[in-house]
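The values are calculated or read from the model by the stated rules, or taken from the named source; none is laboratory data. In this text, all values refer to a predicted model and were calculated from it rather than measured experimentally. Every residue, glycine as well, gets a Cβ built from its backbone with ideal geometry; the counts of neighbours run over all protein chains shown.
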């Protein structure tokens, strides 16, 4: 290997390594800060129950955005998180998001109703839910993973989008949905296993 | 004793104590060196107390370093949750709903669970003497919980009085007893609950119980009254939220008397005397003043002679008294650790901080900066809940835990009651599964 080639290789390697080390530091910091989250969200963010959302394996970009919105009182209907998120800086919240995003997603085991799933599935495809959230609801970029999420949590969050408690252009189409329809959507998405 | 907190390396070469007679027989001579059970073959941490702090620490030690030998010493066969136990007293949960086996810790993490009672601590030689034999350790973490100060009320410190006036602030037989007394009471009866002076475990706990007993009486025992003698001059936690619920739902049931100390009880007649008067109710729940569990005193963990809580450094929870003994949970001294409530959630946080610090110490590493949080839900009836939340940090200047953010729910909601139930399932799984 020529000296020039070696230097180029080293330079490329340095560029590749530095962000990688920074990323693992961020995750370690997120783990340190995020251990207390498990009190409500379960170890590694694999949340049992139904009304508290799973966070282990959720998209980093989505979690990072939402945690900062909690802290800035932009999602006041999430009362607990509005208090808790204020205990951290935006950089700390980003590291917590990176940590939980690095973990394995475990699908919900909430009981779901097969008739509601069918109705929910039809609505989801008619309304383009899968275009943003992915074919299996796996989430893309800032659009959260909702496939395999806890059912009660999905239902409550959709009610907040519907009422405008959470402002979102994409989710504004929920404004015409009935409680039953939201329940059907929740059954469908939670039931993706 | 002097604490050389930086001296991790020196510690790691803890003397291996010769293995004696093994096995777990019923009769073991605990005073002789042949009484060592489960002899230590690798770095071992013994956890004393399988409650909120201890069970959490045991699991998180194994998550941090699976090669550690973790032994959990616990008297009870199963974990019974004190948070949520008021729901059993309120008549809408069973004891089995708040009981979790230790099997998860054994099967999922390889933690050894020894059902035994701690008798004596030899910190210098790394030995905990129990009624089943001597257990060796490199580091010990004690999370012993609380004891009742029965002797602060005249006539209360007798078996008859303890039976007649159950405290039910340690979940288990006492909880069942109080629930059964309420169920057996005739309609139109009277119940007395006494709230202890601070500091006590679970600040909103007595007030949730008041709400849920009132809810139970309203539904099942028409015409009954609930009288409350509060040693404090007002509701200690979530005051306006509890007051509003009591005014809205239970104004004809609850008679709340603040700033009223309990003076004496009579187990024979059932008479209860307070500073502001005496009554003879049908059912009495005396929640006595509290101190650290008696085990903490018996093991010599108190730093000063008249201490009632165990002093520990809140960045690692190493005790003031012994460098190789850590203490977490309700038994910790608020003056030493800082302004955190004695709650299950805080004990869970403390358990994680201590587990990380202990595992790192045994591996020759500095502790990480600690983090702590709290959320306490309370129900005001079977359907509606309220809560308080806070995030804390360690202040390096004053060496205490300080609050960073915190607040209470602005109102009661059905959704918060659902969160309360799911919170319990989450945190039990975080401790035990």
Test: residue in the range B:327-346 that is touching a strand residue (DSSP E or B) at 6+ places or on another chain (Cβ under 8 Å), without any contact (Cβ under 8 Å) to a residue 60 or more places away in the chain and within 14 Å of another protein chain (Cβ to nearest Cβ)
yes
Given the conditions (1) more than 14 Å from chain A (Cβ to nearest Cβ); (2) touching a strand residue (DSSP E or B) at 6+ places or on another chain (Cβ under 6 Å), and given that residue B:133 satisfies all but one, which numbered condition is not satisfied?
(2)
Out of curiosity, is residue B:120 over 22 Å from the mean Cα position of the chain (by Cα) and farther than 27 Å from residue B:83 by Cα?
no
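Checking the structure you have, find out if any residue of the range B:127-134 is within 23 Å of the chain's Cα centre (by Cα), closer than 16 Å to residue B:75 by Cα, assigned by TED's automatic domain parsing to the domain that holds residue B:360 and part of a loop (DSSP other than H, G, I, E, B). First the steps, then the outcome.
In the first step, residues of the range B:127-134 are kept if they are within 23 Å of the chain's Cα centre (by Cα); the result is B:128-131.
Add one more test, that the residue is closer than 16 Å to residue B:75 by Cα, and what stays is B:128-131.
Checking the rest, the ones that are also assigned by TED's automatic domain parsing to the domain that holds residue B:360 come to B:128-131.
Restricting the remaining residues to those that are part of a loop (DSSP other than H, G, I, E, B) gives B:131.
Yes, that holds for at least one residue.
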Here are the criteria: (1) farther than 23 Å from residue A:67 by Cβ; (2) not in a helix (DSSP H, G or I). Tell me which single one residue A:120 does not satisfy.
(2)
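Taking the stated definitions as given, is residue B:197 surrounded by fewer than 20 Cβ atoms within 10 Å (Cβ to Cβ), closer than 21 Å to residue B:82 by Cα and not assigned by TED's automatic domain parsing to the domain that holds residue B:333? Working first, answer last.
On the way: surrounded by fewer than 20 Cβ atoms within 10 Å (Cβ to Cβ): yes; closer than 21 Å to residue B:82 by Cα: yes; not assigned by TED's automatic domain parsing to the domain that holds residue B:333: yes.
Here the answer is yes, as residue B:197 does meet what is asked.
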Which of (1) over 24 Å from residue A:80 (Cα atoms); (2) surrounded by fewer than 24 Cβ atoms within 10 Å (Cβ to Cβ); (3) more than 13 Å from every other protein chain (Cβ to nearest Cβ) does residue B:360 not meet, given it meets every other one?
(3)
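Of B:378, B:405, B:389, B:409, which residue is over 24 Å from residue B:312 (Cα atoms) and facing chain A (nearest Cβ under 7 Å)? Talk me through it step by step, then tell me what you get.
Values: B:378 fails: facing chain A (nearest Cβ under 7 Å); B:405 fails: over 24 Å from residue B:312 (Cα atoms); B:389 fails: over 24 Å from residue B:312 (Cα atoms).
Exactly one residue qualifies, and that residue is B:409.
Would you point out the residue of the range B:392-402, among those that are surrounded by fewer than 20 Cβ atoms within 10 Å (Cβ to Cβ) and in contact with a strand residue (DSSP E or B) (Cβ under 6 Å, 6 or more places away or on another chain), that is nearest to the other protein chains (Cβ to nearest Cβ)?
This residue is B:393.
Out of the strands (runs of 3 or more DSSP E) lying entirely within the range B:271-349, which hold 3 or more residues that are under 14 Å from residue B:121 (Cβ atoms)? Break it down stepwise before answering.
Values: elements: B:272-274, B:277-279, B:283-286, B:290-292, B:325-327.
Those strands (runs of 3 or more DSSP E) span B:325-327.
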